[in-house]
Structure formats: structure tokens, C-alpha cells
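To start, the structure under review is shown below, and the notes come after it.
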Amino acid sequence: MPTVSMTVNGKPVSGEVEARTLLVQFLRENLRLTGTHVGCDTSQCGACVVHVDGIAAKSCTTLALQCEGAKITTIEGLAEPGGKLHPMQEAFREHHGLQCGYCTPGMIMAALDIVRRNGNDLDEHTIREQLDGNLCRCTGYHNIVKAIAAGAKAMA
Amino acid sequence: MSATGIGAAVRRKEDVRFVTGKGQYTDDVVRPGETRAVFVRSPHARARIKGLDASEAKKMPGVIAVLTGAELASDKIGNLICGWMIHSKDGSPMKMAPHPALAATIVNHVGDAVAVVIAETQAQGRDAAEKVKVDYEVLPAATDPAKAKSGPQIHEIAPKNTIYEWSLGDAKATEAAFASAQHVTKLDIVNNRLAPNAIEPRAALAEYDAGTDHLTLWNTSQNPHVARLVISAFVGIAPEHKLRVIAPDVGGGFGSKIFIYPEEVVCLWAARKVQRPVKWTSDRTEAFVTDAHGRDHITHAELALDLNGKILALRAKTIANLGAYMSTFSSSVPTYLYATLLSGQYDIPQIYCEVDAVYTNTVPVDAYRGAGRPEATFVVERLVEVAAREMGLDPADLRKRNFIKSFPHQTPVIMAYDAGDYNASLKKAMEIADVKSFGKRKRESARNGKLRGIGYSTYIEACGIAPSQAVGSLGAGVGLWESAEVRVNPTGSVEVLTGSHAHGQGHETTFAQLVSERLGIPFDNVSIVHGDTDKVQFGMGTYGSRSGAVGMSAIVKALDKIEAKAKKVAAHMLEAAEGDIEFKDGKFTVAGTDKSAAFGDVALNAYIAHKFSGQELEPGLKETSFYDPTNFTFPAGCHICEVEVDRDTGKAEIVNWTAVDDFGTIINPMIVEGQVHGGIAQGVGQALLEGVVYDKDGQLVSGSFMDYTMPRAHDLPSFKVETTMTRAPSNPLGIKGCGEAGAIAAPAAVINAITDAIGSESVSMPATANTVWSALQKATPRQAA
């Protein structure tokens, strides 16, 4: 079986994978980073979003071997080592942008990418359009939109 | 109101683990030696299993076992059951067909499982499952509920695929009322079949301890104790005391995770056979063919009114598609959760409803957010809106003319509404929605080439399910009380073990708010424990918007007992008579003096037991309550939806949403609003986007998120959500419940708005651009006033 090496949340890691092993499986099963979730099998739901070399990617549609040498950030890599939450995580909590929490890691990682692409001053329309790749069944998106706008501002 | 007490928008305790990816969902749990289960499922809607050859599969790498329906049967594992008995009009019981966890002789829907591969890895299991050869003799399937009665008979026990033919109400009196009516509105309504699609797929992890002959099941369940009861008492996998069920963090349920499904039964059975933990996690396609679907009613409904728009009677005849097998609560949804709400918010003297439940070769159908009440609300609110249009009456005025204004109000369909003020929510909603200026907005839209419409939905629901004797008399196999055990620790912190289960509702926060305020202790000193049958002795779980009304009432009763016991301890500590002890703001005081003891001190003393005789007064401070509600609760409100329809494409965009709901007492307004938002989104999904589609051969066409349209952020507006308040008289806190309201109210509001915009009633759900455009071609849109 091939071996893959990458950096995840700042730590070098490696593991044996099959050619068909998805990045999300490598993260969840090999590295036991279970914060990244699987919610569908056609790449629509976004629960699996992580950052690969600084850019949002759906880890369910990325092969582990594709990430050889890449820098991966998962939800577990956002908060400070002492436990202080990232402003976007804090914003989700403050604005009740989550209920069951299952879509939340992917939603937060996608939100950070919206900020990367559109800046810190996000309007409602932009956020709603940019969330096309993230499904939530609990919140109706109303508070997610508020959380992302607030988190973006706090990151400025 | 304190910063963390009842009524405060306290930020949630559970969020820290969820936003940092440290939640523990069932698939996150890993047990040593874990294996993976991959099911072999029927590709046919109906077929006889002539043979099954697993020999090649068994030889594949990593395969530990391939287990079949025949082996399940020979191990005498019992069938899954429906736990609510419904009788037909002729007195005969519902026709419940056998539902084995793995089919041995016949499959009845695409996705029906016939075998399971147990393998070292998921990938190996998948590879092997593909090599299991099943020899199917394809049989003609009954797929259309409208034609089920004349289709091929699916189950021997149910001629004409009829499960029951049920009715409620006085047929003769209703007929007489219709005969005397000056106006009758008639509608044919399809309440479209939905897939619940919680974002976390279902999962089950079973582990067998051979040393103690004990099974543990981690499962995405909304009600772990009910799962344990059914699996032990009916399916017979293990006796209750040797089966532990843990429902850890669960990523949304919406009803779909109430039921006991084949997969957890098979995992438990397999774990004991292979003597290793067995884990199954659904993928999304699998979820579409196994998770219970919702809704799927075909209804002909009529409303009788007099000249002045006073409603005289309502009648409805419904065909309810329950799918291939009767799921756990399926029989109750189109009967006692549906017909009993056909009075809506209105004083309707006569109501008669007939429901025929049928089998089809499709996925089983059961409760999904609202469970019967969205179906009822859609019927009532469409009838009322169309009646208003036909009679040239303002839809708000017609409603006001017919609102129930005095309580208690006994409807003709069992429910007795105890408190409400429907005028108040309608009035407030109309103000917030600025209905007065709608005409101006409509003209503005017209200038931009858009058709603007406005639609009302004044809904009511029966929640806080339910008084045990009442539902028992209606056929329920279980009581619907709830339990709470309040444990005060010696150092003054409190743990509440609740039979409720949170899968997004925030109980760890809201229940703690209640306890913190009542006992006068810091919010952070209260822990809420749920979801483990080893910790919480028994509970009925969370659904039917019951955790506030029933779950919290149980906590209140337990807290009453805690206070009573603590007063006895305090009396000894303060050397006073028990009757002279008062408890307020966390302190026990001797009335009329300044002698007091803090809650924490009393707690410690209860356990140290030095200040009283342990024979006269038992040490410890821990109390339990099983609370049985005295009535349903009746949340109600008014939602107003405004849409803009593009003439050229038929696309409807929601441009305004106003919700004014009466939920009685509110513990945490932030969480309540969140529940309303989520419910509205699901209701809008039903109205505009979603629909399970089967072809004539019973193939599921909408089997993934590519084909089944889930609501996305850009499909929805921001919502204006407010409340009015009449306390629920039936429970100590006055809570009505809020979890389902949005899903119940929304579809009618959307369709009422679109039909208003285009001037045609021929709009079915989902009202896709194609549907609306087609209706537009034959319609004459109303001009703006």
C-alpha cells in the first residue's frame, strides 16, 4: 500500500492508504481527527470542507494521495493551543449559528474561505450565494449568515 | 430574569465541542477490533429471492462473514413492529405485515436489505457486497398510492394493499351541514413525499461482551430507551438488562431517528455472531432508500360555509402511503396526529375525515417534523384561503370571522384546545409584515416584471405528546410521560438525568437554565445527562415538540421534591420547624429571622448527615419524577409569506417572511427562534424544492443530493420571528413547545402566496419554476388593488 505524507494542523503526518482512500477517511480514520464529517456521497453537503494549502476543498472528493506534501487545516486546527476560539468559531457560538453541530465544522471552514475570497465586510446576499456548497438542515441558515458576517468582521 | 435564568438568551454550553470538532457522533466512536457492516440491498421494488450465493464474497480480502435473511430467521430474531394500533371503521385491526430485519424470501422496496457483509474495512466490505449474488424473480410492484388498492397485492395479510380504513368525526352531521351550506370550496391536494435528510447519516455500532453476555449499541437515536425496549421485547435480541443503548451526539433527527430500523438490529445480531464490534454508517444514497420518508398524502377536501363566510363544516378523504412496511409510529401519523387538527384555529361545528392507509413498494413512511400536522394545516389553510378568494372575502377577515375566541374549546375531532389568542398573532403578524402596504409593493414588483403575492398560514398543532391514558385509548402501545432524576452532589453541583434527548435542541443549556434559576445556583454548576440507558433509567425521548412541555415538567416535579427534602435538612441545620423554612434565591431561611443556610451548605449536610438522625431522615439529596402530561399543548400562530414570481421563468422567490408564534412560556428565545428558522426552512423546502420521486417500476429517481433539492442559504430569506404568549395551562412552566411549528405553518403560506401571485390554484408542491410557469400559462393574474 502506498504511503502518503502531509502536514495537518501544523504537524507532519504520514500513513498507509489505498489509492482510493479519500482525504476525509485519512483524516477521520488514520489520524482520528473526527471533526471533519461526511454527510453525503455526491459532494453537495460541505460537511467535509477542510483547507488544502490555504484553500477550501471538499475532503470527500479529494484523494489522500492527492495531498502528498500539502498543508491541511481542519476544524481542530483553528482554536489556539490554550483553547481560545478562533473569531469565526466564537461568532458561530455567539449568534447561535449551529444546532446539532454536524454541518458546523465544514460550515466554519467554508466561512473562512468566503472571507479569504471576499474580505471582511460581507453582505447577506454574498454570504448566501457563497454557501451554495454547504447544507444545513437545522438552522434555516438565518443565524449562520449572521455568524459569518460577524466572524468576518472580527477577523479584520 | 437573571442572565442565565428562564427567558434569557443564554449562549449554548454544547457549542464549544461542536465548533471545535470535538463532538462525539456515532461514527466517531471507535471500538477495539471494530469491523464494518455493508448491506446488500435489493435493486428491485418487489421480487422473490430465489437464491443467494455468498461464496465468492466470503473469500474476498478482509471479509469475516456474510450473513443472510435466512440465517436471521433461523436464529429466531423477531420482526420490527409498528407500536400504535389503529382500527378500521369496521372494527378490524390494522394489517401489520411481517418486517424482518433482513429479507429472506421476498423484498418489498428498492433498498430492502437481504444480507450483510462484515469486513475489516468499509472498502473491503463494499467490494465483497458487490460479489454477493442474489437471484431475484422480479414481481410486479404497486408504486402509486392512488392506485395501490387495485395493484398487485404486496402482503398476504393486506388485501387491496389496505392497512386500515379509518375515520374520525360525525359523517351524518357533517353531510347535513354541507347540504345546508351556501358555499362549498373543494380542493384536491397532494402532500408531497419528503426525505428527512438529517445531515448526519444514521449509524449503529454494536459490541458484544462474551464474558458478561452483554450487548452495547451506539446508535443515532432520538430515543435510546425506546430502541432498547423494542429491540429486547419485540425483536428479542437480548433482555433489557443485558442491552445498553447509547445515543451520543446526534446530528439532527426530525423524526427520522425515532424509529427502530433493521440496521441496528442486524449490527447487534452480527456482533454476537462474529464476536467483534460491528459498525454501520449509512451513506447518503443508502439513507434515501432506508430512512423513513415523510408525508405522502393524497386528499380530497371540502369546506362548507354560509353566505357570510362562517365555516359550517369540513370534510376530507385521504389516502396515506405508508410504504412497504409499517414503521414504528407510522399508523398514528395520518390518523391521530392529522385528523385531530382539522379544526385549525377555527370554530368548525362538524368535521369528518376518512383515511385509507395503503402499502406500496416504496420506502416506509413515518413521522417527519410536524408528523400529520403539516398535512392538516395545509388542507385547512388552503381551503380557507381559496374559499376567501372564491367568495371575494379578504383572507385575513375570513379567518378572523371564524377564529375560536373562547377557551377551553372542544373541537369535533377529539382535541380540546385549552388556551390561545389567534387574533393576537394574526394582528401582530400583519403589522410586522406591513400587509397594509402590500398593494404598493405589488405595483412596484409589476413595474419590474414580477408578480407579487402574499399568503397566510394560521396554524395550530398538538404538541407535548402526550397524556398516556389518552393515547393508550387511541391505540398507542406506550405511555408518553417523561422522566427526570435530579442529583445534587455533596459539593453543591447538580446533575439532571433526563429521558429527553438533544439532537440540536440545546437541552444542555435550556434545562440548565431552569435548574439554575430554581435552585439559585450558578448555571455552570448544572450538568444535563442524556442519551445513555446505563445512566438515565428510562425515558421516552425527543420528538413531537415535547422536551419543554413534558421533559422540563418532569424536572420541575423532581425539583419540587428536592426542595421539600432540602427544607427538612435545613430545618435540622437551622434548628427550626420544617414548616418555618422558606427557600428563595438559593437560600433556606427561617421565616421571620435572618437565620439562613445556602443551598450548597444544605447539600453538603444532606450527605454528611451529622446534623440529623439518619433513621428519621434519609441522607442524600436525589429525587426522581415521572411526569405524565394532563393534555396536549397547542402552540399556534400566524406566518405570512410574500413572494415574487418571475413571469418568464415561473421562479418564485420569497421576499419576506413573518412568523408570530405563541409557544407559551419561553425558556431561551434564541434557541426558540432557531427552531422556528429551521422549521420554516424545511417547510419552504417542501413547498418549493423537495420531493421524493419514484418511477412506475418503483425505482427511486431522487436518490441523492444531485436529484433531491435540499434548501440552500440562497433559497431562503432572513426571517422576522416574534411571539405572542398565552401560557399552556397544562404544565407547571406553561410551555407549549416550538420545534415543529415552522415546518407545520410554512408550506401553506408559500403556496397561498404563489397562487395569490399568479391567480391560479393549480400549483402543486414542490412549486418548481416549471410547475408555476405551467400554471401561469393558463392563469389570469389578479391586478394590484
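What follows draws every value from the coordinates through simple rules; no lab data is involved. Because the structure is a prediction, the values reported are computed rather than measured. Every residue, glycine among them, receives a Cβ derived from its backbone with ideal geometry; neighbour counts consider all protein chains shown.
Could you look through the range A:79-89, keep only residues that are facing another protein chain (nearest Cβ under 9 Å) and assigned to a loop (DSSP other than H, G, I, E, B), and pick out the one that is surrounded by the fewest Cβ atoms within 10 Å (Cβ to Cβ)? Out of the qualifying residues, it is A:Gly83. Every condition in (1) of a type outside the set (Gly, Ala, Ser); (2) touching a Lys or Arg at 6+ places or on another chain (Cβ under 6 Å); (3) crowded, with 24+ Cβ neighbours inside 10 Å holds for B:Val692 except the one numbered (3).
Table: residues versus (1) within 14 Å of A:Cys48 (Cα to Cα); (2) facing chain B (nearest Cβ under 8 Å).
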site	(1), (2)
A:Ala91	no, no
A:Cys100	no, yes
A:Asn120	no, no
A:Asp123	no, no
A:Glu129	no, yes
A:Gly133	yes, no
A:Arg137	no, yes
A:Tyr141	no, yes
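Taken as a whole, the condition of being facing another protein chain (nearest Cβ under 8 Å), in a helix (DSSP H, G or I) and either of a type outside the set (Asp, Glu) or within 12 Å of A:Ile148 (Cβ to Cβ) (or both) applies to A:Ile108.
Among the residues making up the range B:1-19, those that are part of a loop (DSSP other than H, G, I, E, B) and closer than 11 Å to A:Arg93 by Cα are B:Val10, B:Arg11, B:Arg12, B:Lys13, B:Glu14. Would you pick out the residues in the range B:388-413 that are out of contact with any helix residue (DSSP H, G or I) (no Cβ under 9 Å at 6 or more places or on another chain) and outside any loop (DSSP other than H, G, I, E, B)? Correct list: B:Glu390, B:Arg401, B:His409, B:Gln410. Looking at the structure I just gave you, is B:Glu623 acidic (Asp, Glu), crowded, with 19+ Cβ neighbours inside 10 Å and more than 28 Å from B:Arg369 (Cα to Cα)? Against the criterion (acidic (Asp, Glu), crowded, with 19+ Cβ neighbours inside 10 Å and more than 28 Å from B:Arg369 (Cα to Cα)), B:Glu623 qualifies. Remark: pairs (first residue in the range B:58-74, outside any helix (DSSP H, G or I); second residue basic (Lys, Arg); Cβ separation under 8 Å; 6+ apart in sequence or on different chains) = B:Met60/B:Lys131; B:Ile64/B:Arg276; B:Ala65/B:Lys58; B:Ala65/B:Lys273; B:Val66/B:Lys58; B:Leu67/B:Lys273.
Under 17 Å from the mean Cα position of the chain (by Cα) and either among the aliphatic types (A, V, I, L, M) or more than 22 Å from B:Glu375 (Cβ to Cβ) (or both) - does that describe any residue in the range B:707-719? No, that holds for no residue.
Checking each residue in the range B:1-49 for being within 29 Å of B:Arg272 (Cβ to Cβ) and of a type in the set (Lys, Arg) picks out B:Arg31, B:Arg36, B:Arg41. If you check B:Ser437, B:Ser468, B:Ser500 for being out of contact with any Lys or Arg (no Cβ under 7 Å at 6 or more places or on another chain) and buried (at least 22 other Cβ atoms within 10 Å of the Cβ), only one passes: B:Ser500.
Scanning the range B:205-213 for residues that are more than 14 Å from chain A (Cβ to nearest Cβ), closer than 28 Å to B:Cys267 by Cβ and either touching a Phe, Trp or Tyr at 6+ places or on another chain (Cβ under 6 Å) or among the hydrophobic types (A, V, I, L, M, F, W, C) (or both) turns up at least one hit. Under 9 Å by Cβ, and 6 or more places apart or on different chains, what pairs join a residue from the range B:259-285 that is within 16 Å of B:Gly78 (Cα to Cα) and away from every other protein chain (no Cβ under 14 Å) with one that is part of a helix (DSSP H, G or I) and among the aromatic types (Phe, Trp, Tyr)? Correct list of pairs: B:Ile260/B:Phe234.
Scanning the range B:471-497 for residues that are crowded, with 19+ Cβ neighbours inside 10 Å and assigned to a strand (DSSP E or B) turns up B:Ala476, B:Glu482, B:Ser483, B:Ala484, B:Glu485, B:Val486, B:Val488, B:Val494, B:Val496, B:Leu497.
Checking each residue in the range B:414-435 for being farther than 22 Å from B:Gly664 by Cβ and either basic (Lys, Arg) or in a loop (DSSP other than H, G, I, E, B) (or both) picks out B:Ala433, B:Asp434. B:Thr649 meets the conditions (1) in contact (Cβ under 8 Å) with a residue 12 or more places away in the chain; (2) surrounded by fewer than 24 Cβ atoms within 10 Å (Cβ to Cβ); (3) in a strand (DSSP E or B) in every case but one. The failed one is (3).
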